[in-house]
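The values are calculated or read from the model by the stated rules, or taken from the named source; none is laboratory data. These numbers were taken from a predicted model, which means no experiment stands behind them. Cβ atoms come from the backbone with ideal geometry, glycine included; neighbour counts cover every protein chain shown.
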Amino acid sequence: MKQLLFTISALSLAVGISFSASSMAQERLPEIGTAGASVMTIEREQIFGDMYMRQLRSMSPMVHDPVLDEYLQDIGSRIVREAEGVKFPFTFFWINQKDINAFAFFGGYVGMHTGLITEAQTESEFASVLAHEVAHVSQRHIVRNMERMSNSSPTMMAAVLGSLILSVINPQLGMAALSGTIAGGQQMQINYTRQFEQEADRVGFDILNRAGFDPRGAVDFFGRLTEKYRYMSRPPEFLLTHPYSESRLSEMRARTALLPRVERRDEATFLLAKYRVQARYTKTLTENALRQQLQEIGIQPSHAAAARYGLAIVLLDNKRFSEAEEMLAPLLQSEPYNTFYLDVQSDILLAERRYDEALSLLEKAYIRQPNEQTITINFANVAIEAKRYSLAISLLRDYLQRESDHVLALDLLAKAYRLSGDMSAMHGIMAESAALHGAFDQAIEHLHKAHKQTGLDIEKRRLQARIEQLMAQKSLLESISTGSRG
């Protein structure tokens, strides 16, 4: 796999939000159902995406935050519903890096850096990046690029197949690998990327418009980003690897000028997500800064609520629990079922070991919104700490029936089984968690331990079948790695 990851480079120009000089030629979009079929079928693209996602989980600082995941999935789903040519479900996830970046790869996986929402000023700006990435996937740009490069030079395929994760984690290294790997074909690659960016602009604008966002968000975001770092000796990696031109910005403005003005959605939820990221993950909002915001004359109610919420998080993370609860109280009173507020309040109650209060709070919320991600995960977590293991197990097993790849839910369920003394079930769940991170040998070892510790014949047969499934997945991963090395 080290060799596989080292060759990750050639597709980075096609799947990131690259900003090279381009003309907005109005060419007809291809038939997506057949585009790239000579290189990779839809089914195989999903397999590749699944395998790369497993590796990404093990290598990158992913954010497993139910509140933020729910928000990102909500925005992403609204965008995907308006996209054409969608052949499979999309998965949206966070990478905890301050770099301003986003990326998409095989099978509808779209990653957003926490630094991106920190930079965005409106939800439409944030959504414009998601729409651009969805357009790359729906138009099969990765596979079409592989097809072009394969037709031009079959020997390049060893460098193209599997070329994603390194550039995501380290764009500079990815670009260096690109230069050394495809050398003479580099200009052809860049030119083809420009075509993809033109398509992604057009398709992304249309998606945003239909989804109720303002397509001008893209112009505002990238125009401001370019101007902000124009004269800096060391701009963000994003602008180094994806240079943006004034001509393209002008072309984007011309296109959006033809679209009707969209009334901006309520920004309250976007601001809560942004302030949560800044307070807890990027650490770009301090207690003093938040208190100063709250004292500003004429501050808008949504901004005041977000600042108060962010301050509650900062106080909580600094173990000043009573102050955090006092800061959060007016928000929770005004919106008692807001999951952003419920999450922080349950953490405060948990930290102070006020288990009965926390269970009562979350039980009411769960009855109102059964199996909602944030409420379910918090409810199960509190139940574990309160030694209500059967309750936690019931909640998590039910939730995992629909979201089987939820890393945090699996970790909590394994903990609940361990504390309840069911070691066979614990190893079974730990196996699923290890498999999600591409650690198939470790997963198979856990299943063998589970097999030894259960006395039920039907469970032994199920575990043996699962071992065989994971061995097949391991072989598939190895075959993909071998194929990428040519």
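So the values come out like this:
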item: Residues of segment 75-96 that turn out to be of a type outside the set (Lys, Arg) and farther than 14 Å from Tyr109 by Cβ, as a count; result: 8
item: Check on Thr376, of a type outside the set (A, V, I, L, M), out of contact with any Ser or Thr (no Cβ under 9 Å at 6 or more places or on another chain) and buried (at least 19 other Cβ atoms within 10 Å of the Cβ); result: yes
item: Members of segment 120-137 that are among the acidic types (Asp, Glu) and within 14 Å of Leu225 (Cβ to Cβ); result: Glu125
item: Those residues of segment 255-279 which are among the hydrophobic types (A, V, I, L, M, F, W, C), over 17 Å from Phe221 (Cβ atoms) and either modelled with pLDDT under 80 or assigned by TED's automatic domain parsing to the domain that holds Val63 (or both), in sequence order; result: Leu258
item: Residue in segment 271-293 that is part of a loop (DSSP other than H, G, I, E, B) and under 24 Å from Gln373 (Cβ atoms) present; result: yes
item: Residue check, Glu287 of a type outside the set (Phe, Trp, Tyr), surrounded by fewer than 22 Cβ atoms within 10 Å (Cβ to Cβ) and either in contact (Cβ under 8 Å) with a residue 24 or more places away in the chain or closer than 25 Å to Phe379 by Cβ (or both); result: yes
item: Filter pass, Leu419 being among the aliphatic types (A, V, I, L, M), assigned to a helix (DSSP H, G or I), touching a helix residue (DSSP H, G or I) at 6+ places or on another chain (Cβ under 8 Å) and crowded, with 22+ Cβ neighbours inside 10 Å; result: no
item: Options Ala414, Ala434: the member that is closer than 17 Å to Leu56 by Cα, part of a helix (DSSP H, G or I) and within 27 Å of the chain's Cα centre (by Cα); result: Ala434
item: From Gly421, Gly438, residue being more than 22 Å from Glu70 (Cβ to Cβ) and modelled with pLDDT under 95; result: Gly438
item: Among (1) in a helix (DSSP H, G or I); (2) closer than 25 Å to His132 by Cβ; (3) touching a helix residue (DSSP H, G or I) at 6+ places or on another chain (Cβ under 9 Å), the one test that Ala254 misses; result: (3)
item: Extreme residue, modelled with the lowest pLDDT, among residues of segment 70-125 that are buried (at least 21 other Cβ atoms within 10 Å of the Cβ) and of a type in the set (Val, Ile, Thr); result: Ile100
item: Filter result (among the aliphatic types (A, V, I, L, M) and touching a residue at least 24 places away in the same chain (Cβ under 8 Å)) within segment 343-366; result: Val344, Ile348, Leu349, Leu350, Ala351, Ala358, Leu359, Ala365
item: Condition check for Ala104: in the same structural domain as Gln198 (by TED's automatic domain parsing), touching a His at 6+ places or on another chain (Cβ under 6 Å) and outside any loop (DSSP other than H, G, I, E, B); result: yes
item: Subset tally (residues that are in a loop (DSSP other than H, G, I, E, B) and either within 17 Å of Glu119 (Cα to Cα) or at pLDDT below 95 (or both)) for segment 294-319; result: 6
item: Yes/no for Val129 being in contact with a strand residue (DSSP E or B) (Cβ under 6 Å, 6 or more places away or on another chain) and either outside any strand (DSSP E or B) or not assigned by TED's automatic domain parsing to the domain that holds Tyr229 (or both); result: yes
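Matching residues to (1) among the polar types (S, T, N, Q); (2) within 19 Å of Leu315 (Cα to Cα):
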position: Tyr341; (1), (2): no, yes
position: Leu349; (1), (2): no, yes
position: Tyr355; (1), (2): no, no
position: Ala358; (1), (2): no, yes
position: Leu362; (1), (2): no, no
position: Pro370; (1), (2): no, no
position: Asn381; (1), (2): yes, no
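Table: residues versus (1) aromatic (Phe, Trp, Tyr); (2) outside the structural domain of Ile429 (by TED's automatic domain parsing); (3) in contact (Cβ under 8 Å) with a residue 40 or more places away in the chain; (4) touching a Cys at 6+ places or on another chain (Cβ under 7 Å).
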site: Arg368; (1), (2), (3), (4): no, yes, no, no
site: Glu372; (1), (2), (3), (4): no, yes, yes, no
site: Phe379; (1), (2), (3), (4): yes, yes, no, no
site: Ala386; (1), (2), (3), (4): no, yes, no, no
site: Gln401; (1), (2), (3), (4): no, yes, no, no
site: Asp405; (1), (2), (3), (4): no, yes, no, no
